Amino acid sequence: MQGTAKGVFVISFMFALLAARAVMAGTIEGTIKDGKTGDALVGAAVGVVNTNLGATTDLDGHYKIENVNPGIYSLRVRYANYTEKVLPGVAVAGNETTTMNMTLDSAVGAGDAQHIDDVYVTGDRIRSSIIGELSARQRSNVIGDAISAEQIRLSPDRDAGDALKRVTGLSVVNNKFVFVRGVTDRYNSTTLNGVTVTGTDTDSDKKSFSFDLIPSALIASTVVAKTATPDLPGDFSGGLVQVNTLDMPSDFLLVAGVEASSDNVSTHKDIRTAPGGGSDWKAKDDGTRALPQGPTGADLAKALPNNWQTSGDRSPLNSNYGLALGDKFDVGGTELGFIASGIYKNSFKVEDYHQQPQAGGQNIFVFDGTRYKETYLWGGLANLTWKFSENHRVAFENNYSRSADDKVTQSKGVSEQRDSTRTQTIAWAQRDLYLGQLKGQHTLPSVHGLEFKWRLNRSSSNAQEPDRKYAAYGRDPVGRYLLKENYRTWSKLSEDSHGGQADAELPIGAGAVKAGYLQLHRERDYGIDAYVTDASHLNKIYRTLVLLPIGEIFAPENYGKDENGKQKFDFIDYTPLTGEYNGQQDLKSYYAMYNSPFRISGRGFRFAGGARVEDSKQIVTSPKAADDPTLVSTGSHDTDWLPSGNLTCEVTRTSNIRLGYFKSVNRPEFREQANVAYLDFDQNQTVLGNPDLQRATIKNYDARVEWFPAPGEVVAASYFYKDLTDAIE
């Protein structure tokens, strides 16, 4: 990829709460092996009970747990398909190493000795490490890939979109939208800390999430599931991108970071910039680009700033700033932990592009151009976790992100009318996302180890694109360039959603039965106002106005009538691009599934499968036509039964063969059903919704062979096939 960072300067500071505490800390280490064969168990999870301290065994079965305060502890060891073991009375002294070697016995055929969900709890603890992510992937019920916080820290990635480029089978379009296995973004879905989120662009109202909203420094892990189990959302086919942000720290944490980076494409290059406002650095327009309320026609044009002229500049280094604070406390025999983090990033990008769409073997138009973009990104999280016993945990999580793109696009080429054309677009797009949730996790040993999880969540997202300006100059027969097309638009989008979810899992032998229910309500409002500078009624003495350069042609004095009543430019509503819509969706879903290991002819297998039912009711209200503002409603109400099954064969302890099948749906987005047009200046095309769209159904088939030669390493080959009915294009 062009633009790979050439230099990165990072300063990080980490301080312990009490220096003496660090000096007195001890270490626990040892090996974990198979009780019968003596083979080393790779990826076994070893944890210190009632703490967040733990480690994963390496290729030799060795583990090492550091920074353990002096005291007497119990060690818990977990490994897939093996009986969990707890070793009490482990003494740790300051500045000393305690050696504890242990063996585990196979759980297959051992009744209810194994609790499958314990594997997931351990995985959550270490999900930010490369080894932890691959260990969880090896034991996962589904086919998927992941990238951990450890991998992200070793890279120059700015946000989740950059980080996802490193996941096998994924590509990122416009630095935001994810294609999985070549399947377009509309067939993918995203969860943030377990809650489904959607895109918030006014120009790209897509089903997939705008990943450039999440700063990479706040990510603990990102997992991409490519097959489904019934407990996952039923509206994805390509992949489910599961983004998890930072959680409760194991000890006092204070991290500050400053980073400057450059690349050979965009840094210290000549760029074009447009006039802006004083709060642009906050990723928020201060009203400079706002649409004045009250005046109309020529009076409105005179009230608007003449900010079409761009200026030259040199792009500086990209910069990142971050601060994180966290700690954990003992409160009356319980654990209370928090983490708060914030980041700010500013970056520049210069991108050359070529457009040459064809129809019937002929070019529709041909354009070459350059996009100059400056991006501002703010992000923060504040999470509070209360673990009031070994089996009960409640958390309150808050994530907020705000970003803005300031973009100038200039191009030249041959238009559809076959004339030489030059264009310029100036766009400011700002977006923000808030997600808050209260969730709990409870294990009930008295009810055969039943585990119960619940969450209540609320999110809001907003996007604005104020004063987007587009102008095209065409060359006349004598070689002069004159204004032939222009638009000035103001658009705004807001979405709110709230919902809840409950899941219960009951161990049965070496397997488990799981069931759950989810309810979600989404509501979205969108509106756009569009205007054009009209030259059709110019008095003959003002016809040369269309020859003025772009910095002069839209000046206030060029609108309305002069003192003699002679017409200059007029400023009129452009109804084909003006409109609004409202969309609402109510989703109810419930599922049941079973997962269990078993053996056939001495070979280990794992199965996870069941069915999910989703009931979706969606209504979109929009104008009847561009020239008829009468509001009409359209929508759909579908109930879908979505079976799925995943079978894993453990060929060896370090290799798997996986087979998967699941049925999924793909519902139209609100904009896709709204009778409101949008002019996509980047693609040079108008997008219009279709109220008659129906949801698509997809049958998905997958196969994968994977080998984990060492901790942190994986080699895999995959095959997939998808059968789409009523596909939305």
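Per-structure values
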{"read-out": "Whole-Å distance, taken between Cα centres, linking the stretch 461-478 and the stretch 564-628", "value": "29"}
{"read-out": "Cβ-based charge dipole, the stretch 542-670, positive-most Cα from GLY565, ASN595, LEU631", "value": "ASN595"}
{"read-out": "Rg/Rg_globular for the stretch 437-545, with Rg_globular taken as 2.2 N^0.38 Å and Rg from C-alpha atoms", "value": "2.26"}
{"read-out": "Whole-number accessible area per residue in Å² for the stretch 402-472, which is evaluated in the context of all protein chains at 1.4 Å", "value": "40"}
{"read-out": "Isotropically averaged projected area of the stretch 411-488, using the convex hull of Cα atoms (one quarter of hull area), nm²", "value": "9.5"}
{"read-out": "Square roots of 5 times each gyration tensor eigenvalue, C-alpha, the stretch 307-426, largest first, Å", "value": "52, 19, 10"}
{"read-out": "Probe 1.4 Å, accessible area per residue of the stretch 52-106, Å²", "value": "48"}
{"read-out": "Cα centroid separation - the stretch 370-447 against the stretch 527-556, whole Å", "value": "37"}
{"read-out": "Within straight-line cross-link reach of LYS284, lysines at Cα separation under 21 Å, skipping those fewer than 8 residues along the same chain", "value": "LYS176, LYS345, LYS349, LYS373, LYS407, LYS469, LYS492"}
{"read-out": "Computed over the stretch 40-103, Cα set: Rg, Dmax in Å", "value": "11.4, 35"}
{"read-out": "Centre separation in Å (Cα based) which lies between the stretch 61-89 and the stretch 643-706", "value": "41"}
{"read-out": "Full-extension gain in nm, GLN355 to VAL265, via 0.36 nm per residue minus C-alpha separation", "value": "30.4 nm"}
{"read-out": "Spatially proximal lysines relative to LYS699 (Cα-Cα < 17 Å; intrachain offsets below 8 disregarded)", "value": "LYS226, LYS663, LYS722"}
{"read-out": "Accessible area (Å², per residue) of the stretch 477-555, counting only protein heavy atoms and a probe of 1.4 Å", "value": "44"}
{"read-out": "Apportionment of accessible area to carbon and sulfur, the stretch 375-475, percent (1.4 Å)", "value": "57"}
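The values are calculated or read from the model by the stated rules, or taken from the named source; none is laboratory data. Since this is a predicted model, take the numbers as computed values, not measurements. Neighbour counts run over all protein chains shown; Cβ positions are idealised from the backbone, glycine included. Note: areas computed on protein heavy atoms with side chains; ligands, DNA, RNA excluded. Shrake-Rupley method; radii C 1.70, N 1.55, O 1.52, S 1.80 Å.
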